[in-house]
Structures are given as C-alpha cells and as structure tokens.
1. Looking only at GluC sites (Glu not before Pro) in DSSP loops with at most 15 other Cβ atoms within 10 Å, what is the longest site-free stretch of the chain?
2. Mind checking the per residue accessible area of segment 96-193 for me, 1.4 Å probe, whole number of Å²?
3. May I ask you to give the solvent-accessible area per residue for segment 23-78, in square angstrom, as obtained with a 1.4 angstrom probe?
4. Could you give the size of the charge dipole of the chain about its Cα centre, using +1 on the Cβ of each K and R and -1 on the Cβ of each D and E, expressed in debye and rounded to the nearest 20?
5. Peptides 36-47, 12-23: what's the order by average Cβ count within 10 Å, highest mean first?
6. Per residue of segment 146-157, in order, report the coupling 6.51 cos²θ - 1.76 cosθ + 1.60 (Karplus, θ = phi - 60°) as ³J(HN,Hα) in whole Hz, putting x for Gly and Pro.
7. Using bins 10 angstrom wide from zero, how does P(r) for segment 100-198 break down, in % of all Cα pairs?
8. Which entries in LYS75/LYS170; LYS144/LYS168; LYS75/LYS168; LYS17/LYS170; LYS13/LYS170; LYS17/LYS143 show an alpha-carbon gap greater than 27 Å?
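The values are calculated or read from the model by the stated rules, or taken from the named source; none is laboratory data. Computed from a predicted model, the values in this text were never measured in an experiment. Because the Cβ atoms are built from the backbone with ideal geometry, glycine has one as well, and the counts that use them run over all protein chains shown. To get the accessible areas, we keep the full protein, side chains included, count just its heavy atoms, and leave off ligands, DNA and RNA. Shrake-Rupley method; radii C 1.70, N 1.55, O 1.52, S 1.80 Å.
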Amino acid sequence: MTPTLDFIKFSPKTEPKATALIVTLHGWGANAQDVASLLPYLDLPSYEFLLPNAPYTYPYTPIGRAWYDLRDENKYEGLTESRQMLIDWLQSLESNTGVPLSRTILSGFSQGGAMTLDVGLNLPLAGLVVMSGYLHPGIETLKKSSFPPTLIMHGRQDQVVPLPAAIKAKTVAESLGVAVEYHEFDMGHEISPEMLGVLRNFVLNTIG
C-alpha cells in the first residue's frame, strides 16, 4: 500500500486554472486510464478531472486495481484502509489545487460508486454521482445534518450489480435526508452516452 493515491490529472482547456474539480473512481479490476477514455464524451472543458488509481492490485490481472477485495473469502478486506486513504487524499486537494471541496464533485462506477457513497456522504462536497454502484454495510446509521446532493444511475439489465442495489441506495440515502436524483437506463453494467449526458447536466446544475 502506498501512503497516498496516485492519479491522472486532466486540466481545463478553457480556463487558466481550475475553478471546479470532478473526481472519478474506477470500478473493481479497472484503472484510472479506463475512466480517462470517457472524458471527451462529457464535454466539460472548463473542469479539472482527477482520476485516482485504487491502492490495491486486482487479483486477476496485473493492470487492474481494487479499492478492496470482493471475493467471497475476503469480502471487504482493505475497505477501512482505502476509505481513510481516499478521505485524506480528497481533503488534501484544496491545498494542492486551490479548489475547495464545495466545488468538487465525487463520482464513481461500480465499486467506485460504492466508495463515492461511503466517503462522499461524510465530506462537504458539491455533489456525488453513483454509476452502477451499491451501498456498503452500515451507511444507513450515518448521523449527519446535511449531505451533498446525489445522482444515482443504473442499468435495468445490470447482472453484475443488479438494479435492487440502486433502489436500496436511493431509499437509504433519502431516509438520511439526502437530495437524490435517480435514473434507470435500458442497459447492463456499463456507462452509456445517455448516462454521461445526465451526469453533465447534474454537474452544470450543481456547480454551474
């Protein structure tokens, strides 16, 4: 384990320096480079994108990364360490970029979506975006007075993280008092152009 997260940065094309950040967390077995291929489709040239690599190696391929283990025999092993590392890294961003958390959107796909909900609901972020994600155990007991607005998107035909996981995330988040925007799509476990369009609108409506 490294003491901090390594990441890829894409700086704004239209601004001299970043005034808002979008952090995107990859899924289990993917890496930051996988996420980078989606950025042109988002059409948000004035935003800075930070794409961290998860701290653990993926057990099935050397280029994949993991936020924690998902195999049945080691379920959630490494989550505590990853959670703290991600919190520390996010809290360091303002001093490194000049952009406060209140102008930072945290987003993630699949396991990265689960990490987004886990960590993001505990930080004063501008907003959260969960794509094909799920809830970690224990989030329903969270005690806080205010939460970032949260966009949850999921495919109805998702066989990796079935749709009830998204419905549960929505229900639990709303019960905590989170303002949730929820969308389902006719697709599997993936990120579609339609999903990216909804994400773009959420970012523009949340930060401007």
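1. Numbers: sites that count: GLU77, GLU190.
Within the chain, the longest run free of exposed GluC sites (Glu not before Pro) spans 78-189.
2. Values: 3840 Å² over 98 residues.
Dividing the accessible area of segment 96-193 by its residue count gives 39 Å².
3. About 46 Å² of surface per residue is accessible.
4. Details: 14 positive and 21 negative charges, 79 e Å.
Taking the Cα centre of the chain as origin, the dipole is about 380 debye.
5. Working: 36-47: 14.8, 12-23: 16.4.
Packing order, densest peptide first, comes out as 12-23, 36-47.
6. 9, 9, x, x, 10, 9, 10, 10, 7, x, 5, 9
7. Answer for segment 100-198: a P(r) of 17, 54, 25, 3 percent.
8. Listed pairs above 27 Å: LYS17/LYS170; LYS13/LYS170; LYS17/LYS143.
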